[in-house]
Amino acid sequence: MKVALDYFAAATHGAGIGRYGREFVRALVREQTCPHLRLLAWGRGTELGAEALGLGGPEVVREPERVNVRLPKRTADWYRSATGRGAESVCGDVQIFHRSAVFEPRLGRATSKRPLMVQPLLELPPDGSKAEARLRAVLGEMDAVLCGSQAGADEATRRLGVPASKLHAVTTGADHWLRYAQPKTCTELQEAGPPKLLVLGAISQMRQPRAVLAAFEVLVAQGQFPGVTLTFAGHPGDDAGAFQAALSASPFASQVTWIQVPVEADFPELVSSASALVHLSQGELSPITPLEAITFGTAVVASDLPAFREVLASIPGAELLDGGAAGEPSQDPEQLVQAIERAIESAGHPESRSARVQAATGHTWRANAKETLALWHQLAESRA
């Protein structure tokens, strides 16, 4: 079996779909049953070496081909309009084209000769938005859609009408940072000083950074946790301006750090040293960020989204915030403050910390690769 995989985001993006692409392929090329892979990249970013991308080393069973297409987007769009052929046409005789980003690169018109199309789906756009309509159209062309949880797959059916037969829940990998650091003990955390709160992800409205900041201000003012700090690690997004203004006006700004250009190598220490991760979100179909935290035993405060609830509901020190009918994160500051207080308390309990680490052990990229590989074979056999 020959498989083409869109690798542009993996070579150019740090988090999100970029990390998914790198870690998935890193695990896949170490499997004995790894198929013939062609990694497709568009333009810049492919100068990164095999070692940096996890594609080299003695454990690699089959090193993939790398196909780089240096076409400007406008030229690629014209080519598709003129010929009906898209990104899949440069991949040669492959049975499956595994995409990364949802909207790019553009695909050719659907024909019986086009490879089978597989699309990972990590999050949903706002309800009723133009992006939602575009996403519905793209997913309609796919032969299979991957979600990081069964709850996420169910949500894709409910929101977008994707047939359940197309949707496949695969294990969410979250063990990538264990290559660089190991979970700390409660003693090590306590010796490191006052509690540390952490927020990962772009400073965007969907993550409600100002709500987290407001809750932190209440927490500090109460004085229960002297010296407590809050770190945001994420690029400026659509809420950056308003957040910066709120941070500048905060009476506790000296206890808040915003890392605007986070470095991948710094994340393991940030997460393992945190007392709790605070992760408010909307529309996520994969619980990867909360799982990244509990892999290190770190307590979590998260929105009560279906995909999060599926994984976190029974884990001690995982606090889920009540939401509205649409599963939107709660903005009740008092509820958020209380959840953070309970998470900090849980961070000091060795049994709870061990239970979180244990709960994450099955969420590996190897499991993700094995399940995806099985799906590829299933799809290929269905067309044969």
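The values are calculated or read from the model by the stated rules, or taken from the named source; none is laboratory data. All values reported here derive from a predicted model rather than from experimental measurement. Quick reminder, even Gly has a Cβ in these numbers, built from the backbone with ideal geometry, and neighbours come from all protein chains shown.
Beta carbons closer than 7 Å, at least 6 apart along the sequence or on distinct chains, never pair a first residue in segment 298-321 that is not assigned by TED's automatic domain parsing to the domain that holds residue 185 and of a type in the set (Asp, Glu) with a second that is surrounded by 24 or more Cβ atoms within 10 Å (Cβ to Cβ) and in a strand (DSSP E or B). Pairing each residue of segment 59-70 that is modelled with pLDDT of 70 or more with any residue that is surrounded by fewer than 14 Cβ atoms within 10 Å (Cβ to Cβ), provided the two are 6+ apart or on different chains, yields C-beta distances under 6 Å for 61/32.
When the residues of segment 237-265 are filtered to those that are touching a residue at least 24 places away in the same chain (Cβ under 8 Å) and part of a helix (DSSP H, G or I), which remaining residue is surrounded by the most Cβ atoms within 10 Å (Cβ to Cβ)?
Checking each candidate, the answer is 243.
Note on segment 122-131: residues that are within 22 Å of residue 308 (Cβ to Cβ) and not in a loop (DSSP other than H, G, I, E, B) amount to 2. Taking the listed residues 54, 92, the one that is modelled with pLDDT of 70 or more, surrounded by 18 or more Cβ atoms within 10 Å (Cβ to Cβ) and in a loop (DSSP other than H, G, I, E, B) is 54, with no other qualifying.
Checking each residue of segment 185-201 against the condition of being on the phi > 0 side of the Ramachandran plot, modelled with pLDDT under 90, outside any helix (DSSP H, G or I) and not assigned by TED's automatic domain parsing to the domain that holds residue 91 gives at least one match. Residues in segment 202-236 that are assigned to a loop (DSSP other than H, G, I, E, B), surrounded by 17 or more Cβ atoms within 10 Å (Cβ to Cβ) and either in contact with a Phe, Trp or Tyr (Cβ under 9 Å, 6 or more places away or on another chain) or not small (Gly, Ala, Ser) (or both): 208, 225, 228, 234. Checked against (1) free of Cβ contacts under 8 Å to residues at least 60 places away in the same chain; (2) of a type in the set (S, T, N, Q); (3) more than 22 Å from residue 193 (Cα to Cα), residue 354 passes all but a single condition, namely (3). Every listed requirement among (1) in a helix (DSSP H, G or I); (2) charged (D, E, K, R); (3) at pLDDT below 90 is met by residue 134 save one, (3). In the condition set (1) of a type in the set (Val, Ile, Thr); (2) under 18 Å from the mean Cα position of the chain (by Cα); (3) over 28 Å from residue 158 (Cα atoms); (4) modelled with pLDDT of 95 or more, residue 300 is compliant with all but (3).
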